[in-house]
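Peer 1: I'd like to ask you about the structure that follows.
The values are calculated or read from the model by the stated rules, or taken from the named source; none is laboratory data. Quick caveat, the model's predicted, so the values are computed rather than measured. Note that we place each Cβ from the backbone using ideal geometry, even for glycine, and neighbour counts take in every protein chain shown.
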Amino acid sequence: MTLSRHQFLWLATAFEGSLVLIAYFLGHWLLIDPLGHFHLNLNAIILGLIGCLPLYGLFVLSHRLEVARDIRNFLIEKLGGLLAGCTGFELLYLGLLAGVTEEILFRGLLQPWLEQDWGWLGGLIFSNMIFALLHWITPLYALLAGICGVYLGLTLDIGPERNLLTPILVHALYDFLAFMYLKNTVLSRHASN
């Protein structure tokens, strides 16, 4: 079954939106506010915008390496066609959707919760092991997702105070740029055929 663009956007919204519901349900139960470390300030915005560049560079590099061929083919075949039909605004929406919802769950709830028993390093590692497992497509993809998750977890504490806005922006902008890259790859392949 092939999804239409609208079905894809609704499915992404429902799935990603459920992550926020899970974060708030678990947060209520665990007595942790998933947005407790969210602060709107210029420092976090600047760090978030600059912080996406290393991740995006890793993404572009990995798509040029032979070792990532299976991941590249999977993303282009399974996701590329859906992304190619989306407008730039829709891709920005999808990036923001994933960045906001996944960061609320993983860096807003799970990392602080795991830090309570395992310390800062344990919270960082264990929350991103879960992040990697939930991004399992291939073992290499899960490993790369876990590394990206650790990076996002580090950006939570990069400024003068812990701020969830920084990893949200890093994640959202990274996803937007990666989605644009995949869309352009698919469109250029169709144009050359």
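Peer 1: Cβ-Cβ below 9 Å, separation at least six or inter-chain, first residue in segment 157-177 and within 21 Å of His135 (Cα to Cα) and in contact (Cβ under 8 Å) with a residue 60 or more places away in the chain, second in a loop (DSSP other than H, G, I, E, B) and among the aromatic types (Phe, Trp, Tyr): which pairs?
Peer 2: Every condition considered, the pairs that remain are Leu164/Phe38; Ile168/Phe38.
Yes or no, residue by residue, for (1) surrounded by fewer than 17 Cβ atoms within 10 Å (Cβ to Cβ); (2) among the polar types (S, T, N, Q); (3) within 26 Å of His190 (Cβ to Cβ):
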| residue | (1), (2), (3) |
| --- | --- |
| Leu96 | no, no, no |
| Gly99 | no, no, no |
| Glu102 | no, no, no |
| Leu109 | no, no, no |
| Gly119 | yes, no, no |
| Gly122 | yes, no, no |
| Ser127 | no, yes, no |
| Leu134 | yes, no, no |
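Peer 1: Sticking with this structure for a sec: Among the residues of segment 3-57 satisfying the criterion of being of a type in the set (Val, Ile, Thr) and touching a residue at least 40 places away in the same chain (Cβ under 8 Å), which is surrounded by the most Cβ atoms within 10 Å (Cβ to Cβ)?
Peer 2: The extreme case among them is Val20.
Peer 1: Identify the single condition in (1) farther than 19 Å from Ala44 by Cα; (2) free of Cβ contacts under 8 Å to residues at least 40 places away in the same chain that Leu154 does not satisfy, given that it satisfies every other one.
Peer 2: The number of the failed condition is (1).
Peer 1: Do the conditions hold for Gly123, that is, is it under 17 Å from Asp33 (Cα atoms) and of a type outside the set (Phe, Trp, Tyr)?
Peer 2: Answer is yes for this residue.
Peer 1: Pick out the one residue from Val67, Val60 that is in contact with a Phe, Trp or Tyr (Cβ under 8 Å, 6 or more places away or on another chain), assigned to a helix (DSSP H, G or I), exposed (fewer than 13 other Cβ atoms within 10 Å of the Cβ) and in contact (Cβ under 8 Å) with a residue 24 or more places away in the chain.
Peer 2: Val60
Peer 1: Take the residues in segment 70-94 that are among the small types (Gly, Ala, Ser) and modelled with pLDDT under 95; name whichever of them is surrounded by the most Cβ atoms within 10 Å (Cβ to Cβ).
Peer 2: Gly80
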